[in-house]
Amino acid sequence: MKIKIILMRRVYSFELREYLDVPELPQRIVSLTPSLTEILIEMGMSKYLVGISSWCRTLIVYGYEELSSKPVVGNYKSVDEEKITRLSPDMILLAGGYQLRVIDSLKNLGIPFYVVTLPKNVSDIVKVPIEIGYAINKPDEGIRLSKKILKELSKIIDIVKEIPILILLNLGELTMPGFFSFITQVFMYAGFNVWNKNIEQPYIWGENAKNMLKKLSNRVAIVFEDSSLKPSLNNIITQLESIGVKFQGLIALPVMSLTSFSTAMIKRIPIIARYVINAYNSNTVEVLHIEQLR
């Protein structure tokens, strides 16, 4: 019988504000967050991924075919403890925010985990690969990807001149990213006049979002990320009209087009920008498909 000895190291989770014990060099990683899964792949760490979430599977249609063979062990709000135990990972990665509710389950499993800080602004996007690199003891790979993200960000600065837009997300219910959201700030970097900057919170949703929308007086182009891979324009327009939102042009995007805080999301901005400008100038509505965003 072989005895598996794993050397451990103590790292600091900035999201939890506490120290955690993780493997010195993790070889079997479960990622529960799509953006973290994307970043691990971009860092060249896909061979260490042994399990993912159901939402991570969505990345397959965005070109990450290697995920098709990875077992699904949970979703955003729960994990399958039995499946995770069978996979015998030596580390689990997840993001802060909504996913923190699964921590008790992870503690019950007794498997080391690390919680990555959920980005609230553009600078946080640059830091995420560095933090992941720190957590899995691959600092050079983290820095390398961080530099790549900085280069991609420099390419989108002021590519648009003050086109007024409103960003909306369907995350199970209508959600608006606020000023303290990396989504809002990325579009502001690109030169858009983003109405969401008036919301002094990271996100608002439900009735709060609907009430905020009633304050919208000027016509804007709407950038709408749906919860589906194939957004329905009719459903989206009906929803907006029921609230009384007036807009001048609308671009509907498939799920995870904007909410992913990876290099791929930043690369999509110039593509999305071209369609938004056209929609605003011609007052048209359009769905962008995944093939158009690559």
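The values are calculated or read from the model by the stated rules, or taken from the named source; none is laboratory data. What you are looking at is a predicted structure, and each value in this text was computed from that prediction instead of being measured. Neighbour counts are summed over all protein chains in view; Cβ atoms, including those assigned to glycine, are modelled from backbone coordinates with ideal geometry.
Just to be sure I understand the filter: pairs with C-beta atoms under 7 Å, separated by 6 or more residues or on different chains, first member in the stretch 277-294 and in the same structural domain as LEU229 (by TED's automatic domain parsing) and surrounded by 12 or more Cβ atoms within 10 Å (Cβ to Cβ), second member of a type in the set (Val, Ile, Thr) and assigned to a loop (DSSP other than H, G, I, E, B). Which pairs pass?
Every condition considered, the pairs that remain are ILE277/VAL160; ILE277/ILE163; TYR280/ILE163.
For GLU241, indicate whether it is at pLDDT 95 or above and more than 27 Å from PRO119 (Cα to Cα).
In short, no.
Residue-wise test of (1) at pLDDT 95 or above; (2) within 23 Å of ASP124 (Cα to Cα).
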site: GLY142; (1), (2): yes, yes
site: MET176; (1), (2): yes, yes
site: VAL186; (1), (2): yes, yes
site: PRO202; (1), (2): no, yes
site: LYS210; (1), (2): no, no
site: ALA221; (1), (2): yes, no
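Would you check if THR259 is closer than 18 Å to MET176 by Cα and free of Cβ contacts under 8 Å to residues at least 12 places away in the same chain?
So THR259 fails the test.
In the stretch 235-270, what residues are more than 16 Å from the chain's Cα centre (by Cα), of a type in the set (A, V, I, L, M) and closer than 14 Å to PHE192 by Cβ?
ILE251
Kindly list the number of the only condition in (1) free of Cβ contacts under 8 Å to residues at least 24 places away in the same chain; (2) surrounded by fewer than 16 Cβ atoms within 10 Å (Cβ to Cβ) that fails for ILE157.
ILE157 satisfies all of (1) free of Cβ contacts under 8 Å to residues at least 24 places away in the same chain; (2) surrounded by fewer than 16 Cβ atoms within 10 Å (Cβ to Cβ) except (1).
Of the residues that make up the stretch 163-173, is at least one out of contact with any strand residue (DSSP E or B) (no Cβ under 8 Å at 6 or more places or on another chain), of a type in the set (A, V, I, L, M), outside any helix (DSSP H, G or I) and under 30 Å from LYS246 (Cα atoms)?
The answer is no; no qualifying residue exists.
Considering each of GLU38, GLU18, GLU42 in turn, give the residue that is surrounded by fewer than 13 Cβ atoms within 10 Å (Cβ to Cβ) and in the same structural domain as VAL116 (by TED's automatic domain parsing).
Criteria check complete, one pass: GLU18.
In the stretch 7-54, which residues are part of a strand (DSSP E or B) and aromatic (Phe, Trp, Tyr)?
Across the stretch 7-54, the qualifying residues are TYR12, TYR19.
Touching a residue at least 60 places away in the same chain (Cβ under 8 Å), surrounded by 14 or more Cβ atoms within 10 Å (Cβ to Cβ) and aromatic (Phe, Trp, Tyr): is that true of PHE224 in this structure?
No: the conditions fail for PHE224.
Restricting to the stretch 171-188, what's the tally of residues that are touching a residue at least 60 places away in the same chain (Cβ under 8 Å) and surrounded by fewer than 20 Cβ atoms within 10 Å (Cβ to Cβ)?
2
Exactly one of these conditions fails for ASP80: (1) free of Cβ contacts under 8 Å to residues at least 60 places away in the same chain; (2) more than 15 Å from the chain's Cα centre (by Cα); (3) within 19 Å of MET256 (Cβ to Cβ). Give me its number.
All conditions are met except number (3).
Restricting to the stretch 262-276, name every residue that is touching a Ser or Thr at 6+ places or on another chain (Cβ under 7 Å) and touching a residue at least 60 places away in the same chain (Cβ under 8 Å).
SER262
Here are some residues: GLU82, GLU152, GLU141. Which one is crowded, with 16+ Cβ neighbours inside 10 Å, of a type outside the set (A, V, I, L, M) and more than 18 Å from GLN27 (Cα to Cα)?
The match here is GLU152.
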